[in-house]
1. With the requirement that a residue be facing chain B (nearest Cβ under 7 Å) and assigned to a helix (DSSP H, G or I), what does the stretch A:177-204 give you?
2. Could you give me the residue pairs with C-beta distances under 6 Å whose first residue belongs to the stretch B:37-65 and is within 26 Å of B:E192 (Cβ to Cβ) and open to solvent by 10 Å² or more (accessible area, probe 1.4 Å), whose second residue is more than 10 Å from ligand 2 (Cβ to nearest atom) and of a type in the set (K, R) wherever it lies, and which are 6+ apart or on separate chains?
3. Could you check the stretch B:28-85 and list, in sequence order, the residues that are assigned to a loop (DSSP other than H, G, I, E, B), within 15 Å of ligand 2 (Cβ to nearest atom) and away from chain A (no Cβ under 14 Å)?
4. Hey, any hits in the stretch A:144-155 for a residue that's away from chain B (no Cβ under 14 Å) and surrounded by 17 or more Cβ atoms within 10 Å (Cβ to Cβ)?
5. For the stretch B:109-132, enumerate the residues that are surrounded by fewer than 15 Cβ atoms within 10 Å (Cβ to Cβ) and either within 16 Å of ligand 1 (Cβ to nearest atom) or away from every other protein chain (no Cβ under 13 Å) (or both).
6. Suppose we filter B:G186, B:G181 for residues that are in the same structural domain as B:R159 (by TED's automatic domain parsing), under 17 Å from B:Q98 (Cα atoms), within 16 Å of ligand 1 (Cβ to nearest atom) and over 12 Å from the mean Cα position of the chain (by Cα); which single one remains?
7. Of the residues B:A234, B:A216, which is closer than 30 Å to B:I19 by Cβ, in contact (Cβ under 8 Å) with a residue 12 or more places away in the chain, of a type outside the set (S, T, N, Q) and out of contact with any Leu (no Cβ under 7 Å at 6 or more places or on another chain)?
8. Quick check, is B:T24 in contact with a helix residue (DSSP H, G or I) (Cβ under 7 Å, 6 or more places away or on another chain) and either within 16 Å of ligand 2 (Cβ to nearest atom) or of a type in the set (S, T, N, Q) (or both)?
Amino acid sequence: MQNNITLGQYFPMNSPVHRLDARFKLFLTIFFIVTVFFADGLLSYGLVTLVLGGVIAMSKIPFSMILKSLKPLIIIILFTAILNIFYTKGTPLVSFWIFKITYEGIVVAFKMGIRIILLVAGSSLLTYTTSPIMLTDAMEALLSPLKVFKVPVNELAMMMSIALRFIPTLMEETQKIMNAQKARGADFETGSLISRAKALVPILVPLFVSAFRRADDLAMAMESRCYTGGDNRTRLKPLVATGSDFVILVGCILVFSGIIVLGCFGL
Amino acid sequence: MILSNTNQPILEIRSLSHIYGEGTPFRHVALDNVNLKLYQGELVGLIGHTGSGKSTLIQHFNGLLRPTSGQVLLRGEDIFATKTATRNARFAVGLVMQYPEYQLFEDTVRKDIAFGPKNKGITGVELERVILEACDAVNLPRRLLDSSPFELSGGEKRRAAIAGIIAMEPDLLILDEPTAGLDPKGREEILETITAYRKNTGKTVLFVSHSMDTVANVCNRILVMNRSHIAMDASPAEVFSRTEELRNMGLALPDLTDIFVYMQNRGLPISDPVYTMDYAVRKLAELISSEKEHYAE
Ligand SMILES: Nc1ncnc2c1ncn2[C@@H]1O[C@H](COP(=O)(O)OP(=O)(O)O)[C@@H](O)[C@H]1O
Ligand SMILES: [Mg+2]
């Protein structure tokens, strides 16, 4: 019920992390991911964790929200960790039957676990602190060099923002239709797989009818306002980088590069 | 014992609160400690400005929404006590959601009306009976039963959707803004349907409306919601005498009452609030005849 007013994860707050230019944030997140892959030793891992922890604290996003984004991945993290513990060769610590736990295995498992956690926490921080529309704009900006290769970047971005715009609407609509059918005694929770699939028909038919109607309306509205697409469209809220945005950008690039260098030396 | 039975409300809401988005920045208290009793055979109008919590309230009646705290009792039994109780509430409280025509999905009107009763377990001859009765109750021509619901006109779609709820033979019929978005003729037809249904079946009916004129003319009890509370629960006469309070809640008076308040302020010697045409005509007639006597003397 709750999530139909927010799309995905955006968690609006007034923080420096939220205010940072979305293009820089997107770029820095990608750079952060690269850095995490280069991190190797205790020092570089420690630094990456410290940086991320600091940014999370600055963002005012409750730590429980970050944990929530990690929850679906617990299985994957445990699975990779266990595989690594048993399959890494090296000095055995414990061994029973055909299993051997090695010192190296534990280290690798630990690193892999931390790496996944850092990656997920870092990228969810981006989606928590940037509205989907800003994110689309940022992607459009970062992809714009592809225009040279005749990739219709503007149209792709427009399609994406329309899709983003309608996801909450359609979710709300789905909820409404589900409620209306539940009020007629529809049961989506019990029964065999087939009967549950059948139970979706009363939702899907009205949902498609309404999606097409909305698409028609939107097309009409865009056309009546002379939308033709193309490159020369201006925006209502252009992304403008301020001086402090640049300072943060350069600062982060330096820190991340430093960590990468440390990682390359195995520190 | 017998006395307490006859006085038992058919539906009772006890200290009901509902909070949307608890634990997010979008936290919103949509209902705050609401108490309400509905009795057999009442025709209740629920009014209040947009966002006052009307839809949230009525979605608790059949268990679509779970209260954050508080209880919903159907004939004295908590509808959330067991799964069976919740499911029974679905059928005992027929809820027509806002814009119900968007829930039509079958290829014929007949099948669509049958959806609810079938879920309830009604089959065969009995099913055919409830479909036809519901169709007549909403004044839908029977020949439309075999056409596609998507071919009907706006008003017909709305009535077909309402028939889908009536066909479940609920003890209470709840309608969320049943006349929204219809033309005057469509509105009139829906209102006639509602009042006739209540008269013919003797069942409890509650509907949400934006139109003061509508509730003034058909309801015998009015609930006014304001900022997640029930601000008034009284007869139309009492509600429409509290002019200032209504204005402060951003609600308008019925057109007729508005005109009479204006005239009363200018010295028209009628003291009670006037909200139905019949009453207005009677009062004015009395007034004119007494004036005539006055001059005759
Ligand atoms: N599914 C929902 N999630 C979050 N907030 C909601 C939801 N539905 C309604 N609200 C909010 O609760 C309040 C009451 O809404 P509602 O009961 O629909 O009012 P009404 O029917 O009187 O216009 C509104 O402020 C609305 O924004
Ligand atoms: Mg409403």
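The values are calculated or read from the model by the stated rules, or taken from the named source; none is laboratory data. Quick caveat: nothing in here was measured; it's all calculated off a predicted structure. Here Cβ is always computed from backbone atoms with ideal geometry, including for glycine, and neighbour counts include all displayed protein chains. When the accessible area is computed, the model is the full protein with side chains, heavy atoms only, and any ligands, DNA or RNA have been set aside. Shrake-Rupley method; radii C 1.70, N 1.55, O 1.52, S 1.80 Å.
1. Selection gives A:I177, A:N179, A:A180, A:Q181, A:K182, A:A183, A:V201, A:P202.
2. As it stands, the answer is B:E42/B:R221, since those pairs meet every condition given.
3. Within the stretch B:28-85, B:H49, B:T50, B:S52, B:G53 meet the criteria.
4. yes
5. B:T123, B:G124, B:V125, B:E126, B:E128, B:R129
6. B:G181
7. When all the criteria are applied, what remains is B:A234.
8. Criteria met by B:T24.
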